Amino acid sequence: MLLRSICCTTIISVLAGPALAQDAPDTSAATWQMPWQIAPIGPASSAAGEQTILSVVPGTGLVKGTPVALQSIGQPLPAIPGRNRTVDTCRATVMSEATKAGAKQVEAVSVGADRTDKKGDYFAPVLFRITYERPMMYEVREAAMICVVNRQGGIVDAYMPADDTVLTEWTALKRR
């Protein structure tokens, strides 16, 4: 099992295994658990001190989320140019789990060009916005994760960065 501990506060299970030798990307979410930042609002988000509000969004209705997530509803997520070979695989993995929790929509965009590590895996930040359908309302979650994908397109790891400086300084990182 590969664990990434540099620059992260939440580690997500690794999805590496025999399936990675196949030609098709491994987007299995069998052992993956969504971090609280993109999971439906619950006790973990409250315990972390996250502040959520209810708002009536024109054309959408009643929505619960953080002020940042609510500000961008109805607008495309801001993508940062540059090749990011992790977005599609990471989106598929997150979508697989989010759908089980009632997700209506999963959006993902690159927020930095990918890099490679010593093993040749690609890693890069990906911004997610997930809309969960709830009785008479929606919940919107928005957060960026660092996704790691192998050369065959299989998910290897995904984790939350320790803080926002990891994302803002992403372009300053050197290839490893």
Practice item. Output the residues belonging to the stretch 111-154 that are closer than 28 Å to residue 55 by Cβ and either part of a loop (DSSP other than H, G, I, E, B) or among the small types (Gly, Ala, Ser) (or both). Key: 111, 135, 136, 143, 144
Check your understanding: How many of the residues making up the stretch 70-111 are among the acidic types (Asp, Glu) and in contact with a helix residue (DSSP H, G or I) (Cβ under 6 Å, 6 or more places away or on another chain)?
Key -> 0
Review point. Out of all the residues in the stretch 86-105, is one or more at pLDDT below 95 and within 18 Å of residue 164 (Cβ to Cβ)?
Key: no
Revision key, fill the gap. Residue pairs within 7 Å by beta carbon, gap of at least six or interchain, first lying in the stretch 123-149 and among the basic types (Lys, Arg), second assigned to a strand (DSSP E or B) and buried (at least 22 other Cβ atoms within 10 Å of the Cβ), listed first then second, are 129/140; 141/65; 141/130
Review point. Is there any pair linking a residue in the stretch 34-53 that is aliphatic (A, V, I, L, M) to one that is surrounded by fewer than 12 Cβ atoms within 10 Å (Cβ to Cβ), with Cβ under 8 Å and at least six apart or on different chains, and which?
Key: 53/67
Practice item. Have a look at 126, 140 and point out the one that is at pLDDT 95 or above and more than 10 Å from the chain's Cα centre (by Cα). Key: 140
Exercise for review: Considering every residue within the stretch 72-84, establish whether at least one is surrounded by fewer than 13 Cβ atoms within 10 Å (Cβ to Cβ), within 20 Å of residue 34 (Cβ to Cβ) and either acidic (Asp, Glu) or in contact with a strand residue (DSSP E or B) (Cβ under 6 Å, 6 or more places away or on another chain) (or both).
Suggested key: no
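Out of 63, 68, which single residue is closer than 17 Å to residue 51 by Cβ and surrounded by fewer than 19 Cβ atoms within 10 Å (Cβ to Cβ)?
Numbers: 63 fails: surrounded by fewer than 19 Cβ atoms within 10 Å (Cβ to Cβ).
Selected residue: 68, the only one of 63, 68 that is closer than 17 Å to residue 51 by Cβ and surrounded by fewer than 19 Cβ atoms within 10 Å (Cβ to Cβ).
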Check your understanding: Somewhere in the stretch 52-67, is a residue in a loop (DSSP other than H, G, I, E, B) and at pLDDT 90 or above?
Key -> yes
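When you scan the stretch 88-97, do you find a residue that is assigned to a loop (DSSP other than H, G, I, E, B) and crowded, with 21+ Cβ neighbours inside 10 Å, even just one? Outline the logic, then answer.
The first filter runs over the stretch 88-97 and keeps only residues assigned to a loop (DSSP other than H, G, I, E, B), leaving none.
For the stretch 88-97, residues assigned to a loop (DSSP other than H, G, I, E, B) and crowded, with 21+ Cβ neighbours inside 10 Å: absent.
Identify, from the list 101, 144, 158, 108, the residue that is closer than 13 Å to residue 38 by Cβ, in contact with a Leu (Cβ under 6 Å, 6 or more places away or on another chain) and surrounded by 14 or more Cβ atoms within 10 Å (Cβ to Cβ). Explain how you work it out, then say what you get.
Details: 101 fails: in contact with a Leu (Cβ under 6 Å, 6 or more places away or on another chain); 158 fails: in contact with a Leu (Cβ under 6 Å, 6 or more places away or on another chain); 108 fails: in contact with a Leu (Cβ under 6 Å, 6 or more places away or on another chain).
When all the criteria are applied, what remains is 144.
I'm trying to understand the selection: among the residues of the stretch 111-120, which are without any contact (Cβ under 8 Å) to a residue 60 or more places away in the chain, surrounded by fewer than 18 Cβ atoms within 10 Å (Cβ to Cβ) and on the phi < 0 side of the Ramachandran plot? Quick ask: steps written out before the conclusion?
First pass over the stretch 111-120, keeping only residues without any contact (Cβ under 8 Å) to a residue 60 or more places away in the chain: 111-114, 117-120.
Next, only the ones that are surrounded by fewer than 18 Cβ atoms within 10 Å (Cβ to Cβ) stay: 113, 117-120.
Selection gives 113, 117, 118, 119.
The values are calculated or read from the model by the stated rules, or taken from the named source; none is laboratory data. Because the structure is predicted, anything quoted here is derived from the model rather than measured. Note that we place each Cβ from the backbone using ideal geometry, even for glycine, and neighbour counts take in every protein chain shown.
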